[in-house]
Amino acid sequence: MNFRQKILALATLPLILAILAITSLVTWQSSELSKQGITAFEQSMLAAKEAELKNYIELAMTAIAPYYGPARSDDENSKQRVIRILQTLEFGEDGYFYVYHYDGTNIVHPRQQFRIGENWADHPDVAALITAAKNGGGFHRYVWEKPSSSERSDKIGYAVGLDKWQWMVGTGAYIDDILAQTAAANQSLSDRVNQTFFWVALITVPAVFAVFGTGIVLNLRERKMADTKLKELTQRIVDTQEEERTRIARELHDGISQNMVGVRYVLDLAQRQAQKGTANALATIEHGAEALNAAIKEVRRISHDLRPGILDDLGLTAALEALTGNFAERTNIHVELKSVAFKNLLPTDAKTAVYRVAQEALNNIERHSGATKVLLQLKSTKAGLEMHITDNGCGFSNLLEARRKSTRDIAPQRTGLGLRNMQERMEHFGGTLDIKTTQNGTHLIAKLPSSIYLTHEKEQEKDAAQADLKEATSA
């Protein structure tokens, strides 16, 4: 066999497997649809039967109400009148009413006289109907002799209780007609499935062979070029997916997660205030609602590019003021912010990175440090931007002990995404993240190089590139 023949032979096996898989899938789905349709049909018919039985019981209760209602528990005269009424009530060819005492003794059974006066408590179906009556009424499905044919057939029974007399009054409807209709529908659906499968196979198999054969010819002709492009495209797709997943994971953790944690702590605070009867509990709840609204806005923001809207509208300093203000109000931890105005010196993504690092650091302080004071300093030096966050908490030396084993990872894997995300944000812009922690507090230093600053020319170039991208996208 030459190379072309080997390729064709190798392609034949996947083709056959694909056809078998498609055929099996179509058959299975058709079978499931058939079962669902039959089940829905049967349930609908059974529901109609059950509704019919309830109506019959209500009619019987109406008929005996003048005697049962005013009667006492030992009124034998009223009991006999009720018995005579129920013995004469019938509907259809096989419809009747029966009465059992709660102890299992049959009182009324117009179609099987031999049961009257006998105790049937050991009969499982009688016991089930009595139990349903004691529980306020209910249905029971069982097999019982059909009066018109003396054959055993499926039946649905409905029973209610006359608790004053300790009686169970019930009736039933045979459902052999429903089962017959279900079987007929099943056969019809099965026939249609087989026909559909035949036509699908008749159309699909030649089409698949034609398309597959054409693809083989084209693939052999352009094999080298297609393989090269496919490899490049696959790698680009994998890289893009990983970058997007990393970005989304970071934004979800540092954005939505932090806002929702804030909401939880506000609600915890509101709960404590409410329990203590504090007057500002309502204000705290209102603040929680505002924080929840902030989380909703955060979702919208992420859907538009995963950037904090306050950074775009008011800038980094204002965003940090809002962040620290909300943090202090929520946690009662005093926060002092010292910041210079950066105006438009930082690109949007860099502002987002700095904001997220500050947000994650504050939330770590809230969850782990037990601090009462926090100092956040944002300043510009010749080397670039520096952000210092210092607290007087207990530190987390134990958590960072394991990082001594690695020179690249800011924290071991088990410490979560937070610290790693902060480090990755800084490294993305060529910056660094350093954490110094002791039992007396923690000092976080995040640095970005001066090359990140936007000059007037850089800003113009960035605006032009964004305009070109928007124009290309719209085109």
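The values are calculated or read from the model by the stated rules, or taken from the named source; none is laboratory data. Keep in mind it's a predicted model, so treat the numbers as computed, not measured. Note that we place each Cβ from the backbone using ideal geometry, even for glycine, and neighbour counts take in every protein chain shown. Areas reflect the complete protein model, heavy atoms only, side chains present, ligands, DNA and RNA absent. Shrake-Rupley method; radii C 1.70, N 1.55, O 1.52, S 1.80 Å.
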### Task
Could you go through the range 275-292 in sequence order and give the Karplus-derived ³J(HN,Hα) for each residue, using 6.51 cos²θ - 1.76 cosθ + 1.60 with θ = phi - 60°, rounded to whole Hz, and x for Gly and Pro?
5, 8, x, 5, 5, 8, 4, 5, 5, 5, 4, 4, 5, x, 4, 5, 5, 5
### For the range 259-273, Karplus couplings with θ = phi - 60° (6.51, -1.76, 1.60), whole Hz, Gly/Pro x
4, 5, 4, x, 4, 4, 5, 5, 5, 4, 5, 4, 4, 4, 5
### Task
Would you kindly state how much longer the chain becomes between VAL26 and ASP177 on full extension, computed as 0.36 nm times their sequence separation minus their alpha carbon distance, in nm to one decimal?
51.2 nm
### Query
Got a number for the accessible area of GLU427? Probe 1.4 Å, square angstrom, nearest 10.
90 Å²
#### Entry: Highest-first arrangement of 53-62, 161-170, where packing means the average Cβ count within 10 Å
161-170, 53-62
### Where VAL238, VAL335, VAL354 fall by accessible area, highest first, once all protein chains stay in place (1.4 Å)
VAL238, VAL335, VAL354
### Amide hydrogen neighbours beyond the local backbone of SER339, cut-off 5 Å, H modeled
LEU378
### Query
Taking a threshold of 29 Å on the Cα-Cα distance, which of the pairs LYS231/LYS447; LYS373/LYS447; LYS231/LYS297 fall above it?
LYS231/LYS447; LYS231/LYS297
### Message
Please list the three semi-axes, largest first and in whole Å, of the ellipsoid equivalent to the range 103-182, using sqrt of 5 times the eigenvalues of its alpha carbon gyration tensor.
### Response
23, 16, 10
### Backbone HN-Hα couplings from phi across the range 117-128 [Karplus 6.51/-1.76/1.60, Hz, Gly and Pro as x]
x, 8, 9, 10, 4, 7, 6, x, 6, 5, 4, 5
### Query
If you stretched the chain out fully between ALA63 and ILE16, how much longer would it get, using 0.36 nm times the residue separation minus the C-alpha to C-alpha distance?
9.9 nm
### Message
Under the rule of at least 5 residues apart or a separate chain, name every residue whose amide H is placed under 5 Å from the amide H of LEU454.
### Response
LEU346
